[in-house]
Structures are given as C-alpha cells and as structure tokens.
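Below is one structure, written out as structure tokens; the observations come after it.
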Amino acid sequence: MTVQHVKITLILLILVVLSSCNAVKRLEADEHLLTENTIYQNDEKVSDPRIRNQLYQNPNVKLLGVPLRLHIYNMARPNIDSILTSRIYDNPKKLKFLKKFWSEKQIIKRIDAGINFNEWIKRTGQAPTIINEEKTNKSKNRLEAWYWNNGWFNVDSKYEINLEDNKRGTVDYFITTGKPYIVDSISRKIESPVVDSLYQAHKDKSLIKSGVQYATKDFGNERDRLTTLFRNSGLYHFEQEFLNFDADTVNTNHKVNVNVLIGDRPVKLGDTAIKVPFKIHKISEVNIITDYTYQNRNKPITDTTSYDGYNLMAFDEIKYRPKSLTDNIFIKKGDVFKDIDRTLTYNRISQLRIFKYPNIKYVEDPRDSTNTNLIANVFLTPREKYNVAFNFDVSQSNIQDFGIGFGGSLLIRNIFRGAETFEISTRGSIGSSSDAADSEDRFFNISEVGADMKLSFPKILFPINTEKYIPNYMSPFTTLSVGVSTQQNIGLDKQNVTGAFSYRWQPKKTLTHQLDLLNVQYVRNLNTGNYFNVYRNSFNILNDIAQNNNDVNPAYFNTNEDGTSTLIIPEGANSFINDALSNNIDNLTTDELQDINNINERQDRLTEDNLIFASNFSYVYDNRDNLYDNDFSRFRGKIEFAGNTLSTIASSIGLEENNTGGYNIFGVRFSQYAKLELDYIKHWDWGNKNIFAIRTFGGIAIPYGNSESIPFSRSFFAGGTNDNRGWQAYDLGPGSTGGRNEFNEANMKIHFSGEYRFNLFGQLNSALFVDVGNIWNVLDNVDDEDARFTSLSDLSELAVGSGFGLRYDVNFFVIRFDIGFKTYNPALTEGDRWFKQYNFANAVYNVGINYPF
C-alpha cells in the first residue's frame, strides 16, 4: 500500500470513529439532542437563510456529516475538579508518593491545570443543542415577528417537537402567513413649513412606495433618509426622534395607509416646555484652532490670521500656511449647515497624517438675533513633527539559508508648512547562502541595501488649476517618490533605481483613482556571468545537450573529479550557444536547437538592463464598509503605457540607435509596451460564518516598437500562496511547458479562484478552494509553441489546483495554512492530466498571513 493510500485510509478511519462516537452520552435521561429544524410556510418547506436565522436553537455544526465540535466537547469530563481531587486525596499511597517530590501548593496547581485543560476542551468544542421548549417557543414568536415585519400582519404559527427513542429529536415549525398588507396612501402632517418644503421637494426619492408590500425596514431606512436630508439642508437641531410614522390598517382590506408625522422642535424655556418651528441655519464664522490640546484649553490665543473667510488661531504660533488648512476644511462661511461637511472635514484632516482626529463644535452665534447663525470651531491637535521607527527581523527563503534584515524610517510632518509629509527609509540585509555568487568562505556572503524617499502633498500639483475637475472633497494627494537598492552575491547582483510622480483621489467613498504621470525604473545587472549558476535548470538542459554531442569544442568543458565533463560557466556555456545558433555544430536535433534557442532568448532577456519610462492609471471600486464586512465586491482596472513619448521623439533628440533598429538611453534600450490588468473580487456572506468568495484576474502586456519582450519586473507569474496554490510561486507555466525554469514568467495571465470559508470552532476557520489559471507568452519574441497562446484551444492549458486550509483568526490578522493539490496539470500528456498528481507527495503547503483575496 502506498503512503498516499495509508493517509487516505487513516483519514477515513478517523471520520468513521468520530461518526460512531456517542453524541448523546452527556445528556440527562429526559434530554434530547436537536438534530434538525424544519420550517413550513403554507405547507411548503422554507430554505431562506433570512428566515432560518430567526431560530434560537440550531443543530450542532457538522463537518462532512459529523458533529466534530460536539464530540470534542463530550471528551471533557463533568465534575472534573471532584474527579482529580479524589484521585489524589482518596489514594493515600499516591498522595504519599507525590508529596516526596511536590509541595501541597504544587499538587493543587496540578489539579488546577487538569481543570483548566478540561475547560479548554469545552471551549474548543460545542455543547450539545438540547431541545428546549421555552427556546422553541421563542423561535416561534421570533418567526412571527419576522413575517409581521415583512407585511404578513395576520400570521399564525405553531410548532411540533418530535422526540425519538435514541435521545434525539427534531422540531417542525408551521407558518400560516395569510394575505400580505400592501402600502396604499402616503400622507403627511408636518408642522414646520421649512421642513414641509424640504420633504415635498424630495418625496420622489421616498423609500416607502405605494403598491409595495409593507416592510418595517423600509420605514427605518426612510427615517434615516429624511434625517440625513434635513441635517444636510440646514436643520441643525433636527433629530431622528422628531420623525414618526402612523400606519393605519383598520378596515382597509389589507392596505396600509401611511401618515408621516414631524412636529416642531421642543424647547425648554425656564420651567416651561414650548415648541418652535425648525429653521435653516447658516455658518456665520469658522474658527480653526491649529494647536489645540486639553492642557492649553484655558490659555489665551496669541496668534491669529484670516484667510478666505476663515479665522486661524494658535495658542503659540501658526505653523501652517493658511491655504494648506482651509483647503481641507469643508465647512464654509455663508453656507447652510450640513452634516456631510463636518464628516468630510473629519475624514480629510485624518488623511493628512498631520493632526490627530479633529474635534468640531457648533455654537449659536450670540450676535444673531434670529438665532439662525452658527459658529463652527475646528480644534486641530498636531501630531509630533518627527517620528522615528526601526525594524529588525530574521528570515529564511529560497535565496538565503539564513538572513538578518534591518531598517529604519524618519517621518517629517508639515515639512514645508503646507501639511506635507516627507518620509525617508533605509533597509538592509545580510545573509548566508550556499548559492552565493562569490562566497569567499564567509558566513554572511550576501547582502542588500536600499533607501526610499517619499514626499506627499495634500493637493494636485499641476501647472493649471484642477479643482474644477478634482475638488478638495475627493481627497487629492500628489506623491513624489524615489528609491534605490543594490544586491551583492544575490543572483545577478542587481542595482535598482525607481521614481514616480503620482496623483490619487477619491470621487466617492467606494471609488479611488490613481494616475502615475511618470513611473521610472532602471535595473542594472552587475554579474551577468553568474546567470547559469542561478538558473540551474537551463544550464542542466544545455549541459546535457553539449555532453551528448561529439562536435562540441572540448575547451568548453571542465573535467570533474569523477571523470565527467561540465560546461564552463559562463565562457563554455555561452560559446556553445553561439556555435549552436550559428550552425557550427552538427548532429543537433530540431528539438535540441529549439531548447538552445529558448535558453538563449531567456538569458538575453533576463541579463539585459531595463529602463522603463511608464505612465499608468488605476481604477479601484471597493464597496467594503470595514475590515469585518464579509459581503462586498472589489474591482481594480489598471492600464499602463511605457516608452511611447521617448519613441516619438527619439530621432529628433538624437538618441543612440542600437543594432536591432531601436534606440538606447545611456546605453540601455528603453522598454515600450502596453499593459492591461483586470481584477475582480466578490464575497458573499451566507451567515453563521459561512462565506463564499471568488476572484478573477486577467492581464496582458504587449511589447512593440522599441521592445521585443516585457521586462521581468512587469511580467506575470503563477502559483504561490495567493494564486494557484497547487503550485509554488513561479513554478506554473508558461502554457504546457511544465515550469522548467526556476522563475517562470510570461506576458499574459488568466486566473480564477473560488473559496468556501466556514467556521470549525472558536477562532479556527477552514476553507475549501479551487484555483484555475496559467500564464502564456503572446506577441513577443518567445518561439516555443508550448509556451505561447495562439488560439482559444490553448485554454485547455488552464491548470486546476484544489485543496483545503485552516485559518486562525487572532483578531487583527489571520494566520493561514493551505494544502493545494495539482488537480489538472497541463504539463502532463493529454489523457493523464486529471488527478494524476492529486496526492500528498505532490501537494504544496502554503503558509500566509490574512486571506488570499
């Protein structure tokens, strides 16, 4: 029997043992375990989760038909404290033996440890759901309330408890709805004329509509809508409690006649309560206190200035240019009061990272005899101007056997007195690697250092005024960033320089735009001679071909101690490639020539220096309310163009021509391509911690003009913890090639993932997933047909991975462990692609932080 069969047999045996456990062994003689709830609506079964969620009692959670958590709970012993105590103190010999080694206090601690472990088992498990008639009656009443709140005012219900001889039972609920009530007439009784005018002007947007079945939630939503409308139309004193609905159903033939009731504002005048009509309030003055703290609240203001209708004040000295603050305050002198202006100001000030969460207070203007003017006071508490942070970590990866990382950052706020932030960070690492290019027998033989600078402005920096198109309420930012890094004895020893000038703004809460006006990257390879030491798969293929051909120049080989010969790196390998592609070596087969050509193309592309001058635009729609929202959708679209401007002006500015007919800058051929990415994520919350999530991704990057291929840093890869989990990162594709290179990438990608997430117990969750996707080369200089996408028939090369995982939620992040199986492997011969590698021997074990999408 194979190891795989043993594992499967063991899993099945565990399930059989668990299923055979006595689930009711902890029940009293008169207790019964609830195994099923059934709801009948007018004699038809109900599966709607909204209705089933009304029940107070539900059967124990099952995994593959087995109530696993219940069995875990039953492992705990009742009266464990008495049991553990009697085992020791009722056994004189055992007690005497223990006292030779432990004190009385230690013995008690041992008993407490056993009690705590028993309690942990209970918390991990799930107590049996015992049929309780009181809770069943509550469920019946709650069902009636749900139907009543959805328009069935004459609903009637009953239940039946079915007890079985094996101490198990079921509950059936029978709902008779009757005829639903429909909203008919909608009238109003509004005492304040200004409120009545606002209601009339916006009644076409009412959420209570004639001819629609009554639903209580519609009335709650309409109350929220009207309250928001009034408080954003100048009614500073309006509160939700002033708004009521009267629903008349007496002798209406299942119709609901609605009356909207809004009274005047109650005001206490001395000991007398009177009612006064609501009024429209306007902002007569806006004061901005720029350095407020609780400690200086009673100190005198020493510095003041006015700008664009705002009064700026400080207890010490105003350290900000007035416009940098007033542009981010949406409460304006002369405007009517609006709650939304206060909310926008809160959000925008928080985004600046200059101040703590602001405090905004309104007071009635004592100078106004009409009592309609308001003074808005905006209290800003500055954060520390300088913030320093350090980090240190120890790591291990496929690049290094052992590594130490370190870094630091300095954040300077309000650096130019315009609410800007400037951040400079440095990072470095040293490590030990057996694959280092030049180890020199040192333990720390690889290193990487880098630095980044980022300057952020809370506005759009552009030669012309863009506020008409991107107003301040869209939270605009302009960011200028620069980064440099260099590696030593890591791969090809790259030097990397990046720079970007970008804009970001939010037209809506759910929508974000980002425009990188200029995104520059320069990659220089310092040690190209180390290529075949890094990409050993390519070298092994090349070396095997060379060893099997007698026409290869013997000078290209080194003789090993065992008498075998190996191509010299890099001279011998490169010379052999040149001879083969120049037809100077006989007896090479067509397949061997194709392999050599593929190796040469990949070596040329990965060892060439890259210079990218790109612009891109990203569109992100995300309707997720918060981190705990499990019912949302997210769409990201990104389009990028590189090299077009340089290509247009290359000849006119006298750029250097290269031997391919293109142009170089500083001796490097600049990249030219167009790239598109589309990414969609959708989550459905099915209740009771059951979530179904999908992700679809499509990307393509087409080189043209000055380029024949896409730079490695802009290409796509497949596999890994957040991709197709049946393969490791960079191991999948392109096409049906089988991931023969160490880092497989291409310029086209299709991906789909589906994942069902559910709770096991406590903070431990699980998931079942399916990942589908691959990468291909298209419209570039790769000739290998197995790697290219040429027609829709190549979709048969979409790899399928599936598996399961565990996720432990520690509140602020999730620790994830997934096992992915190669379900359909396009690298295998047709007919052998499905389930041939669906086993633990070929499984991929992924450890990650947070969910994959």
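Every condition in (1) in a loop (DSSP other than H, G, I, E, B); (2) of a type outside the set (A, V, I, L, M, F, W, C); (3) in contact with a helix residue (DSSP H, G or I) (Cβ under 9 Å, 6 or more places away or on another chain) is met by K675 except one, and the failing one is (1).
Considering each residue of region 467-496, count those that are under 25 Å from N533 (Cβ atoms) and β-branched (V, I, T), and give that number.
2
Only strands (runs of 3 or more DSSP E) whose full extent lies in region 539-638 are considered here, and the ones with at least 2 residues that are of a type in the set (G, A, S) and surrounded by 14 or more Cβ atoms within 10 Å (Cβ to Cβ) are 610-622. Answer with yes or no whether S709 is surrounded by 20 or more Cβ atoms within 10 Å (Cβ to Cβ), over 30 Å from I72 (Cβ atoms) and at pLDDT below 95. Against the criterion (surrounded by 20 or more Cβ atoms within 10 Å (Cβ to Cβ), over 30 Å from I72 (Cβ atoms) and at pLDDT below 95), S709 qualifies. Would you mind finding the one in Y199, Y214 that is farther than 19 Å from Y147 by Cβ and not β-branched (V, I, T)? Y199 is the lone residue from the list that is farther than 19 Å from Y147 by Cβ and not β-branched (V, I, T). Can you confirm whether N722 is surrounded by fewer than 21 Cβ atoms within 10 Å (Cβ to Cβ), in contact (Cβ under 8 Å) with a residue 60 or more places away in the chain, more than 18 Å from V772 (Cβ to Cβ) and of a type in the set (S, T, N, Q)? No.
Residues checked against (1) in contact (Cβ under 8 Å) with a residue 60 or more places away in the chain; (2) closer than 21 Å to D609 by Cβ; (3) assigned to a loop (DSSP other than H, G, I, E, B):
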site: N688; (1), (2), (3): yes, no, yes
site: I694; (1), (2), (3): yes, no, no
site: G698; (1), (2), (3): no, no, no
site: A718; (1), (2), (3): yes, no, yes
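Among the numbered conditions (1) at pLDDT 95 or above; (2) in a strand (DSSP E or B); (3) among the hydrophobic types (A, V, I, L, M, F, W, C), the only one that A273 does not meet is (1). Residues in region 757-816 that are buried (at least 19 other Cβ atoms within 10 Å of the Cβ), of a type in the set (D, E, K, R) and either touching a helix residue (DSSP H, G or I) at 6+ places or on another chain (Cβ under 7 Å) or more than 27 Å from Y838 (Cβ to Cβ) (or both): D780, R788.
Does any residue of region 615-626 turn out to be farther than 28 Å from Y673 by Cβ, in contact with a strand residue (DSSP E or B) (Cβ under 9 Å, 6 or more places away or on another chain), free of Cβ contacts under 8 Å to residues at least 24 places away in the same chain and of a type in the set (D, E)? Yes, that holds for at least one residue. Any idea which residue in region 276-297 is surrounded by the most Cβ atoms within 10 Å (Cβ to Cβ), counting only those that are among the β-branched types (V, I, T) and outside any strand (DSSP E or B)? Among those that are among the β-branched types (V, I, T) and outside any strand (DSSP E or B), it is T290.
To keep it simple, each residue is scored yes or no on (1) at pLDDT below 95; (2) more than 26 Å from I340 (Cα to Cα).
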position: V194; (1), (2): no, no
position: K203; (1), (2): yes, no
position: L207; (1), (2): no, no
position: E222; (1), (2): no, no
position: L226; (1), (2): no, no
position: R231; (1), (2): no, no
position: Y236; (1), (2): no, no
position: E241; (1), (2): yes, no
position: D248; (1), (2): yes, yes
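Considering only region 213-270, state which residues are over 23 Å from N373 (Cα atoms) and part of a helix (DSSP H, G or I). Across region 213-270, the qualifying residues are T216, K217, D218, F219, G220, N221, E222, R223, D224, R225, E241. Of the strands (runs of 3 or more DSSP E) lying entirely inside region 302-408, those carrying at least 2 residues that are surrounded by 15 or more Cβ atoms within 10 Å (Cβ to Cβ) are 310-314, 359-364, 373-379.
Taking the listed residues F821, F804, F835, the one that is on the phi > 0 side of the Ramachandran plot, among the hydrophobic types (A, V, I, L, M, F, W, C) and either under 21 Å from the mean Cα position of the chain (by Cα) or at pLDDT 90 or above (or both) is F835, with no other qualifying. Filtering region 639-664 to residues that are in a strand (DSSP E or B), more than 22 Å from V482 (Cβ to Cβ) and either out of contact with any Leu (no Cβ under 8 Å at 6 or more places or on another chain) or of a type in the set (F, W, Y) (or both) leaves E656, E657, Y663. Of the strands (runs of 3 or more DSSP E) lying entirely inside region 437-509, those containing at least 2 residues that are modelled with pLDDT under 90 span 446-457, 477-488.
Every listed requirement among (1) among the hydrophobic types (A, V, I, L, M, F, W, C); (2) at pLDDT 90 or above; (3) assigned to a loop (DSSP other than H, G, I, E, B) is met by F743 save one, (2). Residues that are touching a helix residue (DSSP H, G or I) at 6+ places or on another chain (Cβ under 7 Å) and modelled with pLDDT of 95 or more were ranked within region 292-325; the one that is farthest from F416 (Cα to Cα) is Y310. For region 511-533, the set of residues classified as assigned to a helix (DSSP H, G or I) and either aromatic (F, W, Y) or in contact with a helix residue (DSSP H, G or I) (Cβ under 9 Å, 6 or more places away or on another chain) (or both) consists of T528, G529, Y531, F532, N533, listed by residue number. For region 669-706, filtered to residues that are of a type in the set (D, E, K, R) and modelled with pLDDT under 95, the residue that is farthest from G643 (Cα to Cα) is K689.
The values are calculated or read from the model by the stated rules, or taken from the named source; none is laboratory data. Because the structure is a prediction, the values reported are computed rather than measured. Please note: Cβ atoms are built from the backbone with ideal geometry, for glycine as well, and neighbour counts cover all protein chains shown.
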